[in-house]
1. How many nm is it between the label spots at THR312 and SER39, if each spot is 7 Å from the Cα in line with the beta carbon?
2. Using 0.36 nm per residue, how much length does the chain from ALA392 to GLN263 gain when fully extended, once their Cα-Cα distance is taken away?
3. Test of understanding: what is the full-extension gain from ALA145 to GLU302, defined as 0.36 nm times their sequence separation minus their Cα-Cα distance?
4. Please arrange THR200, THR312, THR210 by counting, for each residue, the other beta carbons lying within 10 Å of its beta carbon, fewest first.
5. Full-extension gain between GLN95 and GLU236, please, as 0.36 nm times their residue separation minus the C-alpha to C-alpha distance.
6. Which aspartates and glutamates have a Cα less than 12 Å from the Cα of LYS182, not counting those fewer than 8 places away in the same chain?
7. Going by how many other beta carbons lie within 10 Å of each one, how would you line up ILE171, ILE195, fewest first?
8. Neighbouring Cβ atoms within 10 Å as the yardstick, rank LYS32, LYS232, LYS182 fewest first.
Amino acid sequence: MGPRDTYVLRTVEERGVRFVRLWFVDVLGILKSLAVPASELESALEEGVGLDGSSLEGAARRRERDVIAHPDPATFALLPWRDGGVGRMFCSLRQPDGSAFHADSRDALQRVLAGVADLGWTVQVGAEIEFFLFADSDARDGLSAPRPLDQGAYFDLTPLDEGSDFRRRTIDHLEHLGIPVKASHHEVAPSQHEIQLTHTDALSMADAITTFRLAVKEVASELDLFATFMPKPLQEHAGSGMHLHLSLFDGDRNAFHDPDPRQPLSAMGRHFLAGVLAHAGELTLLTNQWVNSYKRLMNGFEAPRHVVWTRTGGAGLVRVPASRPTREAASRIELRSPDPGANPYLTLAVVLGAGLRGIERGYQLPPEVDGDLDGAPKLPADLREATHRFEASELARDTLGDGLVDLIVANKRAEWDAYQSTVSAWELERFLRLL
């Protein structure tokens, strides 16, 4: 038993922790949990805990299979909304013979990061996560259109007490969990908010995003509100994005920085960005994995639709921030397509895989596009197209493995079939009396 295990056991005893929740996500990024009483924690740390691995397969469960959840003691934290009486640890999932389990999203990201480490680099990631707050009663039946709590806009300091109190409580919870927050503000749409998580290593950021989504919902419940990470809940307003800021570091040196302020990125950074752009269409299924995701991408409001890069934002898929060109730490790319309903582990895995492919094969960065988008390549128009392009992606299969790719495809085809067979309110309103 290592020093981290000892620290966890000592903390649990000293703080009177009753249960520790073992966390993992399914292939869709939905958080799953298994509670272990404090009396069984030492055994769980030494031997792991058995569970049914089909629970990680999303809506495409095939058959029950035994896997072992191995807690990562480095992720131990006390949940502040449980008065410190409940802890949590993220887990790795292994088959009984010790081999990797194909549906373990966290392991997929760790494999990519191991490849990055072999090249002598580390990955830093920051995240800007948007979401909506609604009255809890608006969400109970799942049928009524939610009503905004305010009419605030970008950076507005609204008079609504719930919004500012909500963000304060959420930031308190996140900081207790060791997740530093860079900034928070009201977003452009009514009842929409954004919280920015400070840069950290890629695995910690994926864990932080998963924790963040639960923390937001817990705080909303405390205030009798309802929080949603649905990409496009309001038809007439902007959807929610999850902009990811990425950079590679060689020790303490930002490998994306070029001392020439006229260059957006170093040669390595330009190759990395070229890889992200070249493979963006085939990887959109993971950055935007729900049928509703494409309502955000296809309806403007500054959501990216075209596969271009720019230094100014607009409709570009990637922005290269240029406000501090001489500051080394500021050199990065901002990927603007992901939404907050994505699986953060798989999203980061494939985005990094695309960037590394660009470096490995020397992809050349196309010219910056700032204005006329005529003729620029586009992201997939809907979930069906995204699924088709992902299934055929050599990069996705090389990065994630055939088993995980096929499982994701099965989930998304089932979702698309269900969506296609559903008669919507729009169809009834348009056709019921006309035809």
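Any read-out appearing in this document is the output of simple, stated calculations on the displayed coordinates, not a laboratory observation. All values reported here derive from a predicted model rather than from experimental measurement. Here the Cβ positions follow ideal geometry from the backbone for every residue, glycine too, while neighbour counts run over all protein chains shown.
1. 6.7
2. Between ALA392 and GLN263, full extension yields 43.0 nm more.
3. Computed gain between ALA145 and GLU302 is 54.2 nm.
4. Ascending Cβ contact count within 10 Å gives the list THR312, THR200, THR210.
5. 46.1 nm is the gain from fully extending GLN95 to GLU236.
6. GLU128, GLU194
7. Ascending number of Cβ neighbours within 10 Å: ILE171, ILE195.
8. Listing LYS32, LYS232, LYS182 from fewest to most nearby Cβ atoms yields LYS182, LYS32, LYS232.
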